[in-house]
Amino acid sequence: MVPSPLALLLVLGAAATALAEPLRFVDCGSVDGSIQEVNVSPCPTQPCLLHKGTSYSINVTFASKIESQGSKARVYGEMLHVDIPFPIPEPDGCKSGIQCPIQKGHSYSYLNKLPVKSEYPSIKLIVKWELVDDQDQMLFCWKIPVQITS
(Lines give C-alpha, C1' and ligand atoms only; values in the text may rest on other atoms or scores of the structure.)
Protein backbone atom coordinates (compact mmCIF):
# COMPACT_ATOMS: atom_id res chain seq x y z
CA MET A 1 0.00 0.00 0.00
CA VAL A 2 1.37 3.41 -0.99
CA PRO A 3 0.61 6.22 1.50
CA SER A 4 -1.30 9.14 0.06
CA PRO A 5 0.46 12.52 -0.30
CA LEU A 6 -1.96 13.97 2.26
CA ALA A 7 -1.04 11.30 4.83
CA LEU A 8 2.67 11.97 4.26
CA LEU A 9 2.11 15.72 4.62
CA LEU A 10 0.25 15.23 7.90
CA VAL A 11 2.98 12.96 9.30
CA LEU A 12 5.74 15.36 8.26
CA GLY A 13 3.83 18.33 9.68
CA ALA A 14 3.32 16.56 13.02
CA ALA A 15 7.01 15.60 13.17
CA ALA A 16 8.11 19.17 12.44
CA THR A 17 5.92 20.67 15.16
CA ALA A 18 7.15 18.12 17.72
CA LEU A 19 10.74 19.27 17.28
CA ALA A 20 11.89 22.31 19.20
CA GLU A 21 12.91 25.22 17.02
CA PRO A 22 16.11 27.06 17.96
CA LEU A 23 15.23 30.38 19.57
CA ARG A 24 16.49 33.81 18.77
CA PHE A 25 18.26 34.91 21.93
CA VAL A 26 20.47 37.72 23.15
CA ASP A 27 23.88 36.71 24.48
CA CYS A 28 24.30 38.65 27.72
CA GLY A 29 27.91 38.00 28.56
CA SER A 30 29.11 34.49 27.70
CA VAL A 31 32.83 34.80 28.48
CA ASP A 32 34.09 31.28 29.17
CA GLY A 33 31.85 29.58 26.61
CA SER A 34 30.03 30.21 23.34
CA ILE A 35 26.36 29.38 22.84
CA GLN A 36 25.56 27.35 19.75
CA GLU A 37 21.81 26.92 20.27
CA VAL A 38 19.02 27.60 22.77
CA ASN A 39 15.77 25.61 22.78
CA VAL A 40 12.73 26.06 25.00
CA SER A 41 10.00 23.48 24.58
CA PRO A 42 7.22 24.03 23.96
CA CYS A 43 7.76 27.48 22.49
CA PRO A 44 6.64 27.50 18.85
CA THR A 45 6.75 31.32 18.54
CA GLN A 46 8.47 34.22 20.24
CA PRO A 47 7.91 35.73 22.69
CA CYS A 48 7.41 32.37 24.39
CA LEU A 49 4.00 32.04 26.03
CA LEU A 50 4.63 30.45 29.42
CA HIS A 51 1.46 29.01 30.93
CA LYS A 52 1.09 29.03 34.70
CA GLY A 53 1.32 25.59 36.27
CA THR A 54 3.43 24.26 33.38
CA SER A 55 7.10 23.26 33.24
CA TYR A 56 9.22 24.00 30.16
CA SER A 57 12.27 22.10 28.91
CA ILE A 58 15.46 24.09 28.40
CA ASN A 59 18.29 22.80 26.18
CA VAL A 60 21.39 24.92 25.61
CA THR A 61 24.22 23.67 23.41
CA PHE A 62 27.48 25.48 24.13
CA ALA A 63 31.23 25.07 23.73
CA SER A 64 33.51 25.67 26.70
CA LYS A 65 36.59 27.88 26.35
CA ILE A 66 37.92 26.85 29.78
CA GLU A 67 38.25 23.92 32.16
CA SER A 68 36.02 23.88 35.23
CA GLN A 69 35.29 21.37 37.97
CA GLY A 70 31.65 22.40 38.13
CA SER A 71 28.95 24.83 37.06
CA LYS A 72 25.92 26.51 38.59
CA ALA A 73 22.83 28.00 36.96
CA ARG A 74 21.22 31.29 37.94
CA VAL A 75 17.90 32.28 36.42
CA TYR A 76 16.21 35.66 36.61
CA GLY A 77 13.06 37.38 35.50
CA GLU A 78 14.15 40.79 34.27
CA MET A 79 11.63 43.60 34.66
CA LEU A 80 12.45 47.28 34.21
CA HIS A 81 16.17 46.32 34.11
CA VAL A 82 15.93 44.67 37.55
CA ASP A 83 16.90 40.98 37.89
CA ILE A 84 14.50 39.03 40.11
CA PRO A 85 15.81 35.55 41.05
CA PHE A 86 13.73 32.75 39.53
CA PRO A 87 14.13 29.43 41.36
CA ILE A 88 14.81 26.30 39.29
CA PRO A 89 14.66 22.71 40.55
CA GLU A 90 18.33 21.86 39.82
CA PRO A 91 20.92 24.66 39.76
CA ASP A 92 23.90 22.25 39.53
CA GLY A 93 24.99 22.11 35.87
CA CYS A 94 26.80 18.81 36.50
CA LYS A 95 23.40 17.25 37.29
CA SER A 96 21.82 18.89 34.23
CA GLY A 97 23.31 17.01 31.30
CA ILE A 98 26.87 18.35 31.59
CA GLN A 99 29.56 15.74 32.22
CA CYS A 100 31.95 17.31 34.72
CA PRO A 101 34.73 18.25 34.90
CA ILE A 102 34.10 20.60 31.98
CA GLN A 103 36.89 20.49 29.41
CA LYS A 104 38.17 23.27 27.21
CA GLY A 105 37.13 22.95 23.57
CA HIS A 106 34.30 20.47 24.23
CA SER A 107 30.63 21.02 23.42
CA TYR A 108 27.93 20.32 25.98
CA SER A 109 24.15 20.08 26.10
CA TYR A 110 22.78 21.70 29.23
CA LEU A 111 19.28 20.40 30.06
CA ASN A 112 16.94 21.80 32.69
CA LYS A 113 13.34 22.67 33.49
CA LEU A 114 11.71 26.05 33.91
CA PRO A 115 8.65 25.65 36.15
CA VAL A 116 6.07 28.44 35.87
CA LYS A 117 4.20 28.56 39.16
CA SER A 118 0.46 29.22 39.28
CA GLU A 119 0.98 32.16 41.66
CA TYR A 120 3.18 34.08 39.19
CA PRO A 121 1.54 37.22 37.79
CA SER A 122 0.48 37.37 34.15
CA ILE A 123 3.19 39.64 32.79
CA LYS A 124 5.67 40.20 29.96
CA LEU A 125 9.30 39.97 31.02
CA ILE A 126 12.75 38.81 29.96
CA VAL A 127 14.10 35.44 31.13
CA LYS A 128 17.83 35.65 31.77
CA TRP A 129 19.68 32.33 32.21
CA GLU A 130 23.30 32.18 33.35
CA LEU A 131 25.61 29.23 33.83
CA VAL A 132 28.77 30.07 35.77
CA ASP A 133 31.96 28.04 36.13
CA ASP A 134 33.85 27.26 39.34
CA GLN A 135 35.46 30.74 39.21
CA ASP A 136 32.01 32.40 38.99
CA GLN A 137 32.66 33.41 35.36
CA MET A 138 29.96 33.04 32.68
CA LEU A 139 30.04 29.86 30.65
CA PHE A 140 26.90 31.23 29.05
CA CYS A 141 24.28 33.90 29.51
CA TRP A 142 21.21 34.29 27.31
CA LYS A 143 17.98 36.26 27.36
CA ILE A 144 14.62 35.74 25.68
CA PRO A 145 11.33 37.63 25.93
CA VAL A 146 8.43 35.70 27.47
CA GLN A 147 4.85 36.29 28.45
CA ILE A 148 3.44 34.51 31.50
CA THR A 149 -0.21 33.70 30.95
CA SER A 150 -3.02 31.71 32.57
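The values are calculated or read from the model by the stated rules, or taken from the named source; none is laboratory data. Because the structure is predicted, anything quoted here is derived from the model rather than measured. Please note: Cβ atoms are built from the backbone with ideal geometry, for glycine as well, and neighbour counts cover all protein chains shown. Only protein heavy atoms, including side chains, enter the accessible area calculation; ligands, DNA and RNA are left aside. Shrake-Rupley method; radii C 1.70, N 1.55, O 1.52, S 1.80 Å.
Data table
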{"item": "Qualifying residues in region 57-87 (those that are within 13 Å of the chain's Cα centre (by Cα) and open to solvent by 30 Å² or more (accessible area, probe 1.4 Å)) - the one nearest to Ser34 (Cα to Cα)", "result": "Thr61"}
{"item": "Among residues of region 87-110, those that are outside any strand (DSSP E or B), over 15 Å from Ser57 (Cα atoms) and in contact (Cβ under 8 Å) with a residue 12 or more places away in the chain, counted", "result": "8"}
{"item": "Matching residues in region 114-150 - criterion: being open to solvent by 80 Å² or more (accessible area, probe 1.4 Å) and among the charged types (D, E, K, R)", "result": "Lys117, Glu119, Lys124, Asp136"}
{"item": "Any chance Glu37 is of a type in the set (Asp, Glu), surrounded by fewer than 16 Cβ atoms within 10 Å (Cβ to Cβ) and either under 29 Å from Lys124 (Cα atoms) or at pLDDT below 95 (or both)", "result": "yes"}
{"item": "Some residue of region 102-113 being open to solvent by 60 Å² or more (accessible area, probe 1.4 Å), over 23 Å from His51 (Cβ atoms), of a type in the set (D, E, K, R) and at pLDDT 95 or above", "result": "yes"}
{"item": "Qualifying residue in region 43-57 (condition: within 23 Å of Val31 (Cβ to Cβ) and touching a strand residue (DSSP E or B) at 6+ places or on another chain (Cβ under 7 Å))", "result": "no"}
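Let's see how each residue does on (1) farther than 19 Å from Thr149 by Cα; (2) not in a strand (DSSP E or B):
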| position | (1), (2) |
| --- | --- |
| Leu23 | yes, yes |
| Val31 | yes, yes |
| Glu37 | yes, no |
| Ala63 | yes, no |
| Asn112 | yes, no |
| Tyr120 | no, yes |
